[in-house]
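The values are calculated or read from the model by the stated rules, or taken from the named source; none is laboratory data. Since this is a predicted model, take the numbers as computed values, not measurements. Neighbour counts run over all protein chains shown; Cβ positions are idealised from the backbone, glycine included.
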Amino acid sequence: MAKAADWSALDDFLLVEISHRIVLHADFAVFRRVCTSWRSAVPEENFKLRMPWLLLPPRICSDLRDFVIPPQGVTRRTLLPEANAKMCFSSKGWLITITQDLSMNLLHPFSRYHIKLPRIKSFDNWRSLDMSSKTYASFIHKAVLSSDPLLTSNSIIMVIHGHKGVLTYSKPGDKAWTTINTWRGKYFDFTYYKGRFYAINSRGKIMACDVRGDNPTMAQEVANMHR
């Protein structure tokens, strides 16, 4: 009987050359998860950032969704029933989907792998939703992941929600969303950078949130754009 190949013994140079030919970030993540030696030979920063794909709104209620690949303007049609008739946001190559029954999921558009998130009903102010007028679709204003869940098991998702523009986050395994208690004006936008979320509010203040730190529900002012 032929001896099984030892894939972990492949030369590092060969692994790097193979990784340079990977186009999709999801494929790169799967490549690194084969074994420890592959992950060591090809660090995350080796992936060459490519232009993001743009998800077009559906023309009709359909399981098919169109992605535009700039700058060529090529359109790729993908079977994606998990996003049908759902509100979608995107971050780190994932879709954050919201349904009318107030359930939320992370959805990878190409592998169709999904991760269940806490329901909107676990937000402090979810009762302000008017279900008859579908304001649930505009309850979430923006969603951002700290990292790709395919690459790490401790990815955190944060959202701006409600008419007051409140920051709320969820960690893996959470059953409910956790609100950032430091509210100094409606938050309009935010991002994730080097371990912390940074948000700007209606008063021009930039607030930093370290949800893995000693005070995960507090935000600290780090700059004021009006000064």
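Among the residues of the range 202-217, those identified as within 21 Å of the chain's Cα centre (by Cα) and either hydrophobic (A, V, I, L, M, F, W, C) or part of a strand (DSSP E or B) (or both) are MET207, ALA208, CYS209, VAL211.
Just checking, does the range 125-142 include any residue being under 20 Å from SER91 (Cβ atoms) and surrounded by fewer than 15 Cβ atoms within 10 Å (Cβ to Cβ)? Checked against the condition, which is being under 20 Å from SER91 (Cβ atoms) and surrounded by fewer than 15 Cβ atoms within 10 Å (Cβ to Cβ), the range 125-142 yields at least one hit.
From the list SER202, SER146, the lone residue that is free of Cβ contacts under 8 Å to residues at least 60 places away in the same chain, under 29 Å from ASP101 (Cα atoms) and of a type in the set (Gly, Ala, Ser) is SER146. Looking only at residues of the range 78-109 that are of a type in the set (A, V, I, L, M) and surrounded by fewer than 19 Cβ atoms within 10 Å (Cβ to Cβ), we find that the one that is modelled with the lowest pLDDT is ALA85. Being within 19 Å of the chain's Cα centre (by Cα), free of Cβ contacts under 8 Å to residues at least 60 places away in the same chain, under 20 Å from ILE96 (Cα atoms) and surrounded by fewer than 18 Cβ atoms within 10 Å (Cβ to Cβ) is a property that holds for ALA176.
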